[in-house]
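These notes concern the structure reproduced below.
Please treat every number below as a calculation from the coordinates, not as lab data. All values derive from a computational prediction rather than experimental measurement. Reconstructed Cβ throughout: ideal geometry from the backbone, glycine too, with neighbour counts over all protein chains shown.
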Amino acid sequence: MKYSASFCTLVLTLLTAIGCSKNTPTSPTATTTTTTTTTAAVPAYSEDWTDTLPVGGARFYSFTVTQYGTVNVSLTSVSGQYVPSTVTLGLGIGTPDAETCTATTSISTQSGAGPQLTGTYEPGVYCVRVSDVGNLFGAAQFSLTVAYP
Amino acid sequence: MKSLVMICAIAALASGCSKSATPTSPTTTVTAPTPILFSGTLQPRTSRFYSYTLTSAGTVTALLASLERNGVPAGNSLELGIGVPAGTGCAVTAVANTSATLQPQLREDYSTGTYCVRISDVDGLPQAMTFTIRVIHP
């Protein structure tokens with residue numbers, strides 16, 4: 001019985017090795033990997049946006065990037081009654097979605113020369129979003145510049 | 001001995017060399033157009049817009065599905081437009097002045113990207129009204 005089982009295992013192994021192979025050997029092929037590096041275009045357009053941000057609110061501004069490149073967003077000034085110029089606001093870049101701007105990158109920042117936000121983006125429609133992160137006690141007037149390729 | 005070899009061979013053929021995958025017919029998946037319902041309240045002489053993203057190119061249709069004042073259908077005419085989000089609004093590339101209807105008032109072909117639909121009160125509504133816009137896109 002032990003002999004039969006061993007013999008059967010041997011036959012199975014041989015049949016598996018010689019019986020199931022239908023592959024015709026092929027010559028190895030050379031694979032060439034091409035790496036394309038795209039250079040990000042520098043901003044070619046610039047838009048200034050001035051608006052009023054209510055307490056607890058958010059505002060957004062849409063722009064169109066026509067080629068892959070760098071987008072710079074500068075929150076240049078914030079002012080208003082009960083609003084110190086150093087107040088920290090939310091600043092983000094994203095895509096317009098329904099009635100808002102869904103930010104994919106966001107920070108909390110004070111106004112200044114900037115840019116406070118920068119990134120590289122493919123062609124498409126994007127938006128910059130300014131929001132109150134809980135620091136406002138009155139409506140704030142703000143100015144912002146977005147530069148894009 | 002011979003019969004033992006035969007049994008082992010049959011067992012091996014039955015279990016090891018099976019290519020039993022039965023070919024199946026390719027299936028075609030048809031994606032139904034996606035509807036968007038944009039509802040809200042429109043104040044007199046104002047506009048509102050709604051952004052959406054097309055992941056495949058195709059025809060976009062838009063219609064003002066309903067306009068109501070205090071729950072009662074209103075026959076006022078509004079400007080319906082479709083276009084691209086720009087600045088703080090929607091830069092429309094096609095517009096139609098229309099009252100509520102179930103027939104598409106706008107039909108445009110678009111490539112993939114982000115677009116918007118805008119509703120505006122140009123003539124001056126007597127008071128705020130609730131609206132529903134239906135956008136169908138691929």
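Listing for the model above:
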item: Estimated dipole of the range A:45-148 in Debye, rounded to 20 [Cβ of Lys and Arg +1, of Asp and Glu -1, Cα centre]; result: 180
item: Pairs of Cα atoms farther than 16 Å apart, the range A:82-149, %; result: 49
item: Under 13 Å, Cβ to Cβ, from B:N76 - net charge with Lys/Arg +1 and Asp/Glu -1; result: -2
item: Shielding by partners - mean other protein chain Cβ count within 10 Å, residues of B:85-91; result: 6
